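For reference, the structure discussed in these notes is given below.
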Amino acid sequence: MSRTETSTVAVASQTRAECAVISLSGVTREYSGHAGTVRALDSATFSIVAGEWVAITGPSGSGKSTLVNLLGCLDRPSTGQLTIDGADVSSMAPAELDRFRADKIGFIFQQFHLIPYLTAVENIMLAQYFHSMTDETEARSALDRVGLGARAAHLPSELSGGEQQRVCIARALINNPPILLADEPTGNLDAANQGIVVDLLRGLHNAGHTIVMVTHDPEMAGLASRRIALNHGKVFCHPVGGGPVVRLGR
């Protein structure tokens, strides 16, 4: 490699680190039980740059759920440092972590997790309530963005699976978080609704949102700009732009 190429790679690496919206350094998560200690995530070290669309893949029991819980600030590392949007969340107090999660992360769940007795617009306003103050006009605008303005007064039971997932996306966006964490966002949808949700995710990515998506679907994973694969708690990362898999966890 020439001196110029070496310099270019060094600058690119530095820029990537500086732009990271999520950064893990030696993050391990262990759980203790009657059978002993289980290491669900083993010394994970990687970063995700602002504006990336990253797919997290791996078989059942590989550590995906553990990683998602950590990235979503629903759990804490046993050891290592986890930085999100410039803040070290590893040592935050519970109340501080709850507030941080509400500000920084929007969740899109496979099982939707809509409150059954609230309308579509009320489900979105509930997310506003836990963040700051409710604003029905903003909530209706969020539904308009996902093509459901006419369904604002409908209960979840009156919506199709695809419509419920779009309500979830609107709910995830209502507080304008920098990170969207999508757990199998098309896992329960038919082909037509999968296409609608994929188009929404593409639009959000093109608008600059950082998307971290867990998926078992190779086609969905192929939409991402990079893949992070897990196996037995170890992290394997596909570099930006393709190329061989590089193991970052040690």
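General observations
- One residue stands out among those in the stretch 195-207 that are closer than 15 Å to Ala55 by Cβ and in contact (Cβ under 8 Å) with a residue 24 or more places away in the chain: the one that is surrounded by the fewest Cβ atoms within 10 Å (Cβ to Cβ), which is Val198.
- Within the stretch 21-94, strands (runs of 3 or more DSSP E) holding 3 or more residues that are within 26 Å of Met220 (Cα to Cα): 36-49, 53-57
- The stretch 24-50, subset in contact with a helix residue (DSSP H, G or I) (Cβ under 9 Å, 6 or more places away or on another chain) and closer than 17 Å to Ser225 by Cα, residue surrounded by the fewest Cβ atoms within 10 Å (Cβ to Cβ): Ala50
- All positions within the stretch 186-208 that are among the β-branched types (Val, Ile, Thr) and farther than 13 Å from Gln110 by Cβ: Ile196, Val198
- If you go through the stretch 215-250 and keep only what is of a type in the set (Val, Ile, Thr), modelled with pLDDT under 55 and within 14 Å of Ala55 (Cβ to Cβ), you end up with Val240, Val245.
- Selection within the stretch 204-217 - touching a strand residue (DSSP E or B) at 6+ places or on another chain (Cβ under 8 Å) and not in a strand (DSSP E or B): Leu204, His205, His209, Thr215, His216
- Checking each residue in the stretch 91-106 for being out of contact with any helix residue (DSSP H, G or I) (no Cβ under 6 Å at 6 or more places or on another chain) and either polar (S, T, N, Q) or surrounded by 12 or more Cβ atoms within 10 Å (Cβ to Cβ) (or both) picks out Ser91, Met92, Glu96, Leu97, Asp98, Arg99, Phe100, Arg101, Asp103, Lys104, Ile105.
- Unmet criterion (only one of (1) modelled with pLDDT of 90 or more; (2) touching a His at 6+ places or on another chain (Cβ under 6 Å)) for Ile84: (2)
- Of the criteria (1) over 16 Å from Gly233 (Cβ atoms); (2) among the acidic types (Asp, Glu); (3) surrounded by 16 or more Cβ atoms within 10 Å (Cβ to Cβ), which one Asp88 fails: (3)
The values are calculated or read from the model by the stated rules, or taken from the named source; none is laboratory data. Bear in mind the structure is a predicted one, so any value in this text is a computation, not a measurement. Every residue, glycine as well, gets a Cβ built from its backbone with ideal geometry; the counts of neighbours run over all protein chains shown.
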